[in-house]
Each structure stands twice: as structure tokens, then as C-alpha cells.
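Following: one structure in C-alpha cells, then a few remarks.
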Amino acid sequence: MSFLKARIDDREEILSFCQDTWQSGIYSQLPHEPDEITRETMHEYIDSAIDQWINQGTLYKTVVNEEIAGILNVEVLDDDTVWMGGLRVKESFRRLGIASATTLSAVNLYRSHKRFRISIFSWNEPSLGLARKMRFKEIAEICFLKPEYAKETYDSNILCTVNTPSAFFIDWKYFVPSKHTLSRLKEEGRILENDAGAAYLDINASPAGLSYASVLKANNFAGIVEKICKRVRNGRVLFMQECRRNWTPAQFPNVKLVVMELVP
């Protein structure tokens, strides 16, 4: 077994086994009927990310007998957090310890850094179990809120990062961004800022045209939410905000992102 950087000529082989991740795996094992957000979050995004990951040199492959058995994207973020995501295992290699071996290989390779973080949907019990087995600890929960419910939740003091953050949830990663990163995101139009506050916005992030936003600073929470909604033309936007631990959203009780951390 070897752990190597993926190359552009690995692209088609990788994509061929990523397409059935949800349909033949976790999706069929859900203990509840998937709601609209569960279905939205179950789309396979590897095909839209793989070229960027390979070009920036962050995508790794686990190879067994000259066959790619699994992949993992590994990025070092501004605050020396190593963010790991996009873990996939080829169906013929599942339940053989490939996911654990791939994650452990990344931890060993990047051990000089401060911490390792991952995010896992709350409905994904197999992945949560694997992370706990590997000594990852839950450090935050990200809830999904429709605009009208986001303000009500904020007013109830359930959200815990706005204005007093320990880290932000930006670009599906939980970390403390540098001033350079914030400036770049502003230039790209992905951070909106005015007198009401500031928010990160990822437009049309899902194949169905759903956009995601995170309020980073709020002088007027309702005002920044209104600005986001005006920017999203089709009106389909969800706010991803860190909430109090173990709080269950009334809208989508089965869908939260659990942020987990390993300190070597």
C-alpha cells in the first residue's frame, strides 16, 4: 500500500469510482427519509473539484496492487490547520481499512502542523464512527438555516460565532483566515461587506442551484441577511452558522455539519 500525490492522468480512474458514493453507500442506509437539505448535500462534488485539487498538489491517492483504492484532499490553511476532505474509497476496497489507512497516512505526512480538522454531516454515521475511532474530537457544529429562520435563531442567542469567533466556517472549512485570505475573498466577490456587517457567500454551490452563506460579522443581522438574499437571484440560499453544541434545528433536524479535530 502506498500514499502518493494524485496526477492528472489518474483523473478518470478516480472519477469512475466516486460516482456511486452516496447511492450505493450511506444514502441507502439512512435511518430517516432524506429531507430536501440532506438530498442537496448528498451530491457528488469531486468531479467539480478534482482538477483544482490535482493542480494545487493537495489530492492524494492510496494505491493497492497498482490500483487506486482511495483518495483524500489535504490542505494546510492559514492558521496551520490541516484540513482533510473528499475522502472516497473504491467500492471493491470498502470495509478493508482503506479509509483509516488513508487518513493515518495524511496525519503522518503532515504531523509537524498544529491540528487536523474534518467536517462530517450528522447523518453520516459511518464516517463519524471512523473519525471517533481515530481519536478525532467534536469541536463545533454548523447548522443550516433558511433566511427567515436565521434571524430568529440569531435573536435567540443560539449562534455562537457571529462577532466573537474562535474560527470562521468559510469555503466549507473551519479555521481562522488571514487578512490576505479575507482580502482575496473580497476581491473575488465571495465576501460581502457593508454597514450591516460582513458575510461569506458561495453562489450556486450545488448542482440544483442552492447557495450557501455565513455571516461573519453583524452590526445588523437582519440587514446583512437581506443583502445576501438580494444578491442570490433565485432566492435559494441557506445560512451555515456555528450553533450551540447539541442544539437541534427545527427546520432540518437531521442535517448539521460536525467539525472534528485531531491534535497529534
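Values in this text are rule-based calculations from the coordinates and carry no lab data. Worth saying up front: this structure is predicted, and the values here are computed from it rather than measured. Here the Cβ positions follow ideal geometry from the backbone for every residue, glycine too, while neighbour counts run over all protein chains shown.
Structure notes:
- DSSP-defined antiparallel bridges as percent of all bridges, the chain, nearest 5: 90 percent
- For Lys114, the aspartates and glutamates whose Cα comes closer than 19 Å to its Cα, not counting residues fewer than 8 places off in the same chain, are Glu75, Asp78, Asp79, Asp80, Glu138, Glu261.
- Going from the residue with the fewest nearby Cβ atoms within 10 Å to the one with the most, Lys230, Lys5 rank Lys230, Lys5.
- Over segment 143-252, equivalent-ellipsoid semi-axes from the Cα gyration tensor in Å: 19, 17, 14
- MRE, 222 nm, helices only [DSSP H, n ≥ 4, -39500 (n - 2.57), over the chain, to nearest 500]: -8000 deg cm²/dmol
- Legend: helices of the chain (whole DSSP H runs) are marked when their alpha-carbon atoms reach 18 angstrom or more along the helix axis and their mean Kyte-Doolittle hydropathy is at least -1.0; nothing is marked.
- Reach of Lys151 by Cα under 28 Å, taken over lysines that are not fewer than 8 positions away in the same chain: Lys173, Lys179, Lys186, Lys217, Lys227, Lys230, Lys256
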